[in-house]
Amino acid sequence: MNVLNLHGFQGCRHDFAYEALTANGCKVISPALGYDAESPLCILSRLRRIARVYQIQMIAGTSLGGFYAAVLSAELHLPVILVNPFLLPFLSSPDYTAQYIALFGGLARLEQRNVSCIVGAEDDCIGSLDFVQNLLGNERFRIVQDGTHSGGSLPLKEFFGEVLRLYSCESDAFRTL
């Protein structure tokens, strides 16, 4: 499965999500993103091109990368795995407030059946855990009690494996119809 992995702010391409995805046999496209060097609209345009060129089947995103992953999932109707998603970037980025607010509005089109999310209960970076759960909560929303904002504190390999098996089974069922 071709997965687009989006790291967090000042993160690296080969983050914990990348490691978990490759350990589960995915072909991972993980671009380096300069969130403070490009506007949100430019970043999203670049991610759309990558998704098209690499025939992306699923998106994963951590922290600020989770925001972009959710927006892209809403636009492209692709499954998304979010790790400690930072969904309110307009609260901390005054240079791009209007662009982030406009993109945030697109989350209204996010299909709950496409969303899987794992968060650390001790994460002090994503804002309100209740807000994230109310927006993204479904049967694949996991809260890890001792988890922090670091993906290394979460059982990503296992969680990603569960989600990937779910979507693999769904696509097998669709092929037999």
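Quick look at the numbers
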item	result
Filter result for the condition that a residue is hydrophobic (A, V, I, L, M, F, W, C), more than 24 Å from residue 2 (Cβ to Cβ) and in contact with a strand residue (DSSP E or B) (Cβ under 9 Å, 6 or more places away or on another chain), over 144, 83, 163	144
Residue list for segment 103-125, restricted to those being of a type outside the set (Lys, Arg), over 10 Å from residue 140 (Cβ atoms) and exposed (fewer than 13 other Cβ atoms within 10 Å of the Cβ)	105, 108, 111, 121, 124
Residue that is nearest to residue 89 (Cα to Cα), among those in segment 27-41 that are in contact with a strand residue (DSSP E or B) (Cβ under 7 Å, 6 or more places away or on another chain) and assigned to a loop (DSSP other than H, G, I, E, B)	33
Selection status of residue 51, touching a residue at least 40 places away in the same chain (Cβ under 8 Å) and aliphatic (A, V, I, L, M)	yes
Test: residue in segment 96-119 that is at pLDDT below 95, within 27 Å of residue 49 (Cβ to Cβ) and touching a strand residue (DSSP E or B) at 6+ places or on another chain (Cβ under 7 Å)	no
Hey, residue 62 surrounded by 16 or more Cβ atoms within 10 Å (Cβ to Cβ), touching a residue at least 12 places away in the same chain (Cβ under 8 Å) and touching a strand residue (DSSP E or B) at 6+ places or on another chain (Cβ under 6 Å) or not	yes
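The values are calculated or read from the model by the stated rules, or taken from the named source; none is laboratory data. Treat the numbers as computed from the prediction; the structure is a model and nothing was measured. Here the Cβ is made from the backbone with ideal geometry for all residues, glycine too, and neighbour counts use every protein chain on show.
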